[in-house]
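Below is one structure, written out as structure tokens, with a few remarks after it.
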């Protein structure tokens, strides 16, 4: 939906999204990382998950 710019007009009226839609991209990354961690939590090597992953600044 983001590629098609569907329903974005309502968001562009808000100050947060007036200049750009970076907040959406950031949210997508956070949700994807959470999904990845939930999947990793089902595996036996979960204790070591993320140790080789570079730290990201929020």
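The values are calculated or read from the model by the stated rules, or taken from the named source; none is laboratory data. Remember, it's a predicted structure, so these values are computed and weren't measured experimentally. Counting neighbours? That spans all protein chains shown, and the Cβs are built from the backbone with ideal geometry, glycine included.
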Seminar exercise, completed: Scanning the range 5-18 for residues that are surrounded by 10 or more Cβ atoms within 10 Å (Cβ to Cβ) and part of a helix (DSSP H, G or I) gives 8, 11, 12, 16, 17
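One line per residue, one yes/no per condition, for (1) at pLDDT 80 or above; (2) assigned to a helix (DSSP H, G or I); (3) out of contact with any strand residue (DSSP E or B) (no Cβ under 8 Å at 6 or more places or on another chain):
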| residue | (1), (2), (3) |
| --- | --- |
| 20 | yes, no, yes |
| 24 | yes, yes, yes |
| 27 | yes, yes, yes |
| 30 | yes, yes, yes |
| 35 | yes, yes, yes |
| 39 | yes, yes, yes |
| 44 | yes, no, yes |
| 51 | yes, no, yes |
| 57 | no, no, yes |
